[in-house]
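> Below you'll find the structure I mean.
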Amino acid sequence: MNTIEGKCASEGVARGPVFVVTAPKVEVLEKKTKNSRSEIQRFWTAKEKAKEQIKELLDKSGDDAGSIGASIFEAYIIYLDDGRFKNDVVKMILNENASAAYAVKTIGEKYIEVVDNIKDNPRLRARIVDLEDIINRLILCLEDEDVRIDVPDKPSVIVARDLTPSQFFSIGRENVKGLVIERGSYNSHLAILARTYDIPLIINAKNATLNVSNGQDCALYATKDKFIVLPTDEKIQEIREAIKKDDLEKEKLQRFKGHDTLTHGGERIILYANVSSLEEIDKALKNDAEGVGLFRTEYIYLSSKTLPTEEEQFNIYKEAIEKVDGKTIVFRTVDIGGDKQAPYLEQIPCINPSMGSRGIRFSMNNKKIFKVQLRALYKASYYGKDNVKVMYPMLTVPEEIDWIKGVSKEVEEELIHEKVKYALPEQGVVIETPAAALVADMIAPKVEFMSIGTNDLSQFLYAADRMNSYVDLHDYSDEAMRRIIKNIIKAGEKEGIPVGLCGDLSNNKETLKWVIDAGIKGLSVQPRQILLFRKYIREL
Ligand code: PEP
Ligand code: MG
């Protein structure tokens, strides 16, 4: 038996034979050419061939891919059509008599290096694997090689150095019982796919491919960060029992469906879900969420290749409102910036992007973009029943609310003038900076609700970067956090407006207890935490 440790990126357990996926070897045969013109022609042909292959994968990814698979491959096509990349390759072929494959390899590596150097943007760095995939695919098309990887003929636990979304779909998700990846990141497309399809995944499993061979029996216990090769009977029994216990716990939680979330003392707490896509709303509702307490709308911008239009946004917001069918839904306006950068938007280089032009500051610096979002939100709100709310992230001073109100008024005037149907959603703010928390009493009279964003609030309060695991020293039960949260709740109570909490809470009963004791009546949590928290709260 051999246990390999990794990091869980999608919870779950799997058992089955190992299948090691090795990337096809990509070799550039000739570096130079004597005929640049025909080499450029070969490049165009290979590019079209690669596009065709990706379109095939796009079809294979299926409609139920929650549009994630589709959006990944659509992005691949955009990469392939990127004008700068094409120009750089052609220039190298012409100026240096480089072979097409060598030019693609050299230019491609340069692009990858640039992205790899963006140390403080894990989302963007997670795209390296996509870039590598496209570059390799192009080279293989140029060398007339087959890009296909060996795939298992039965459901297996896939072990790979890294796996691209296209490789994932080539294997076919019915044959993927679990995933063990040597590299990887929580924000990679593969991790998003794994979570979407509930496939257990561990990343950072060092040297996993070197320590296994095809067909070996293995157990993947992603929830516990473990990949066990050739588990002993004892270990299998232990895992089986753990799985049974897990399943039983989940099963037991089902009885909390359809009930109010009441504390022992009879106080009602509302459990909403945090989501970032339409698919996640389905998941949240399936888990009995009482609504959506935070829709992170920036993911609409981040999963798009260009700025999403008013129409595109309107359609998404309307569908979200229809999905919740009268339940509360709180849209948070874009929190672009920080670790969430949209490649098509110019970002001012910044040493501390989480303290830069993000959230409402980004909107203030990009009023046009903000207005488009408000128009789409107000138009979609017409299809709700007073259940739609909008909140604004990263507020620091009350004056920002005055600016928001001014823009909101402009938007309303425009819509009235255009005779467009709309409704004004309830207006609130996310309190997630210590400055805003300290002046919550000045903010409360200007809004209809406040939601505490503990992820950012704790990072700024404790000066502890939320992306840096070495300074993960913030703990909600710490006195500083308690005091600041109580200050916000007091301000809300004084003004008679609701104060909710939408930051990530761990599955910790104690934290939950003191948050509720402090006066929080609405909590927005991960969809999978809803029933567990309902149980915890009933036991309080
Ligand atoms: C927060 O900061 O607590 C929050 C909910 O927002 P995000 O995690 O998207 O920054
Ligand atoms: Mg935040």
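Computed from the coordinates by the stated procedures, all read-outs in this text should not be read as laboratory data. Remember, it's a predicted structure, so these values are computed and weren't measured experimentally. Note that we place each Cβ from the backbone using ideal geometry, even for glycine, and neighbour counts take in every protein chain shown.
> Quick check on the exposure proxy: order 228, 158 from fewest to most C-beta atoms within 10 angstrom.
Working: 228 21, 158 27.
With the sparsest Cβ surroundings first, the list reads 228, 158.
> Using the 10 angstrom Cβ neighbour count as an exposure proxy, how do 102, 536 rank, fewest first? Provide the component values of the computation, followed by the final result.
Values: 102 23, 536 19.
Sorted ascending by nearby Cβ count, the order is 536, 102.
> Starting from the Cα-Cα distance between residue 482 and residue 260, subtract it from 0.36 nm times their residue separation and give me the gain in nm to one decimal.
Contour length minus Cα-Cα distance gives 77.3 nm.
> Could you tell me how many degrees, from 0 to 90 and to the nearest 10, lie between the Cα long axis of helix 233-253 and the main elongation axis, the longest principal axis, of the Cα atoms of the chain?
40
> Sequence neighbours fewer than 8 away in the same chain don't count; with that in mind, list the lysines whose C-alpha is under 16 Å from residue 486.
494, 513, 521
> Convert 4 °C to kelvin, take the viscosity as 1.567 mPa s, use the Kirkwood radius over C-alpha pairs of the stretch 310-444 as Rh, and evaluate the Stokes-Einstein diffusion coefficient in µm²/s, rounded to a whole number.
This corresponds to a translational diffusion coefficient of 83 µm²/s.
> Ok, one more. Report Rg(Cα)/(2.2 N^0.38 Å) for the stretch 394-497, keeping two decimals.
Compactness ratio reported: 1.29.
> Please sort 254-264, 273-283 by packing, taking for each peptide the average over its residues of neighbouring beta carbons within 10 angstrom, highest first.
Details: 254-264: 13.1, 273-283: 20.9.
Ranked from most to least packed, the peptides come out as 273-283, 254-264.
> Can you give the FRET efficiency to the nearest 0.05 for residue 52 and residue 113, using r as the Cβ-Cβ distance and R₀ = 25 Å?
Between residue 52 and residue 113 the formula returns 0.30.
> What translational D, rounded to a whole number of µm²/s, comes out for the stretch 151-252 from Stokes-Einstein when the hydrodynamic radius is the Kirkwood one over Cα pairs, at 20 °C and 1.002 mPa s?
Details: Rh = 14.2 Å.
Taking Rh from Cα pairs, D becomes 151 µm²/s.
> Could you work out how far helix 399-417 tilts from the main Cα principal axis of the chain, as a 0 to 90 degree angle to the nearest 10?
It is inclined by approximately 80 degrees.
> Sticking with this one: Among 324, 28, rank each residue by its count of other Cβ atoms within 10 Å, from fewest to most, as a rough exposure measure. Mind showing how you got there, number by number?
Values: 324 22, 28 17.
Ascending Cβ contact count within 10 Å gives the list 28, 324.
> Further question: Just from its helices, what would the mean residue ellipticity at 222 nm be for the chain, if runs of 4 or more DSSP H residues each count -39500 (n - 2.57) and the sum is divided by every residue, rounded to the nearest 500 deg cm²/dmol?
On the way: 21 runs with 248 residues, N = 540.
My calculation for the chain gives -14000 deg cm²/dmol from helical runs alone.
> With contacts defined as alpha carbon pairs under 8 Å and 6 or more residues apart, what's the relative contact order of the stretch 344-416 in percent? Don't skip to the end; give the middle numbers.
Details: 25 pairs, mean separation 28.6, N = 73.
That works out to 39 percent.
> For residue 32, go through the lysines and keep the ones whose alpha-carbon is under 29 Å away, minus same-chain ones fewer than eight residues off.
Within the straight-line cut-off, residue 32 pairs with 47, 49, 51, 86, 91, 105, 110.
> Would you mind calculating the gained length between residue 81 and residue 237 on full extension (0.36 nm times residue separation, minus the Cα-Cα distance), in nm to one decimal? All intermediate terms of the calculation are to be shown ahead of the outcome.
Numbers: separation 156, 0.36 × 156 = 56.16 nm, distance 5.21 nm.
Answer, rounded to one decimal: 50.9 nm.
> Residue farthest toward the positive end of the dipole of the stretch 302-437, with Cβ of Lys/Arg at +1 and Asp/Glu at -1: which of 427, 403, 314?
Positive-most Cα among the choices belongs to 314.
> Evaluate 2.2 N^0.38 Å with N set to the residue count of the chain, then give the Cα radius of gyration divided by it.
The value comes to 1.05.
> When you take every Cα atom in the stretch 245-375, what is the radius of gyration, and what is Dmax, the widest Cα pair distance, in Å?
Cα only, the stretch 245-375: 18.1, 53 Å (Rg, Dmax).
> Another one. Pull up all non-local amide H partners of residue 177: gap of 5 or more, or a different chain, and H-to-H distance under 5 Å with H placed in the peptide plane.
156, 157, 158
> Here is a follow-up. From the Cα trace of the stretch 269-339, what convex hull volume per residue do you get, rounded to a whole Å³?
94
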